[in-house]
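What follows draws every value from the coordinates through simple rules; no lab data is involved. Quick caveat, the model's predicted, so the values are computed rather than measured. Note: ideal-geometry Cβ built from the backbone for every residue, glycine included; neighbour counts use all protein chains shown.
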Amino acid sequence: MESEIREQRFEFSLSMFTAETIQKAAYRFTGNYAVSFRTLSQDVIEVTFRPLTMKVDHGKCSDFPNEVLDQHLRGIVAKETADVRNIILAQAFTALAILDPVGESADYQDDPLGIAGLAGPKK
């Protein structure tokens, strides 16, 4: 039985992933690991995982590189969809109708958008 707690280290190029992306990915592992960062060069960062207890599955942090990639892709998607997200949020939290001013202020019984006619004939 091994009594020592083993560290695992990963290196990442800062030309591929931002430090923020790497930190976000590491945060997901802080429940089981002490995580530390060290700059090895201007372009390389080292991330070290040290299990907090002996009961931690030592292979669990091997998912870290995939989590970094996941966080990186989430950042790309967030940038690409920022305008749409902002419109949806603005519409949700504003008293004014941004996308459909007529539909927002009209009386539903007047049916200004002709929605009732789309339902088909009444039986």
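Which order do Ile88, Ile45 fall in if you start with the one that has the fewest other Cβ atoms within 10 Å?
The order, fewest Cβ neighbours first, is Ile88, Ile45.
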| Loop-located GluC sites (Glu not before Pro) in segment 1-64, at most 13 other Cβ atoms within 10 Å (DSSP) | Glu2, Glu4
| request: Give, in nm to one decimal, the length gained when the segment between Lys79 and Arg38 is fully stretched (0.36 nm per residue of separation minus the Cα-Cα distance). | output: 12.0 nm
| remark: Within segment 1-77, DSSP-loop trypsin sites (Lys or Arg not before Pro) with at most 13 other C-beta atoms within 10 Å are Arg6, Lys55
| request: State the answer as a single residue: which of Pro65, Ser15, Ser41 lies farthest towards the positive end of the charge dipole of segment 2-86, with beta carbon charges of +1 for Lys and Arg and -1 for Asp and Glu, about the Cα centre. | output: Pro65
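Within a Cβ distance under 12 Å of Asp63, other residues only, what is the Lys/Arg minus Asp/Glu net charge? List each step's numbers first, then the result.
Working: positive: Arg28, Lys60; negative: Asp57, Glu67, Asp70.
Neighbour charge sum, excluding Asp63 itself: -1.
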